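Enquirer: Below is the structure I would like to discuss, written out as structure tokens.
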Amino acid sequence: MCGIAAYVGKGSAFDFISKALVKMEYRGYDSYGVRIGTQEHKALGAPSESMPDQMEGTIGIGHTRWATHGKVDIKNCHPITYLGCHVVHNGT
């Protein structure tokens with residue numbers, strides 16, 4: 001099952017989102033992605049095993065993905081960026 005975490009505030013968006021994605025690992029996942037400001041990280045596998053050490057910013061969004069549609073591939077990791085908009089979603 002997919003999971004979404006987002007943060008807007010004065011603190012570290014990365015600290016909040018990375019911890020939230022790791023907590024959601026029990027739901028099942030095959031890949032994940034994090035967008036903090038202009039920085040993006042996407043990976044196959046567990047957030048707890050390959051999350052970067054830090055990303056700077058106070059606004060961000062993250063997603064754990066369970067591939068019910070589309071193959072397990074970095075191209076299919078969220079967030080998906082289109083016309084400058086960064087989107088995560090649960091569903092088809």
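The values are calculated or read from the model by the stated rules, or taken from the named source; none is laboratory data. Predicted model, so just to flag it, every value in this text is computed and none were measured. So basically every Cβ, Gly included, is an ideal-geometry build from the backbone, and we count neighbours across all protein chains shown. Note: areas computed on protein heavy atoms with side chains; ligands, DNA, RNA excluded. Shrake-Rupley method; radii C 1.70, N 1.55, O 1.52, S 1.80 Å.
Enquirer: Kindly provide the set of residues from segment 1-20 that are at pLDDT below 95 and either outside any strand (DSSP E or B) or closer than 10 Å to Thr58 by Cα (or both), ordered by number.
Expert: Met1, Cys2
Enquirer: Sort out which residues of segment 38-92 are more than 13 Å from the chain's Cα centre (by Cα) and of a type in the set (Gly, Ala, Ser), and write them in order of number.
Expert: Hits for segment 38-92 are Gly57, Ala67, Gly70, Gly84, Gly91.
Enquirer: Filter segment 1-32 down to the residues that are touching a residue at least 40 places away in the same chain (Cβ under 8 Å), under 11 Å from the mean Cα position of the chain (by Cα) and farther than 20 Å from Thr68 by Cβ and list them by number.
Expert: Listed by number, the residues that qualify are Ala6, Phe14, Ile17, Ser18, Ala20.
Enquirer: Let me ask something additional. Restricting the search to segment 16-33, which residues are out of contact with any Pro (no Cβ under 9 Å at 6 or more places or on another chain) and over 23 Å from Thr81 (Cβ atoms)?
Expert: Lys19, Lys23, Tyr26, Arg27, Gly28
Enquirer: Within segment 33-92, can you find the residues that are hydrophobic (A, V, I, L, M, F, W, C), without any contact (Cβ under 8 Å) to a residue 60 or more places away in the chain, open to solvent by less than 40 Å² (accessible area, probe 1.4 Å) and touching a Cys at 6+ places or on another chain (Cβ under 9 Å)?
Expert: Passing the criteria: only Ala43.
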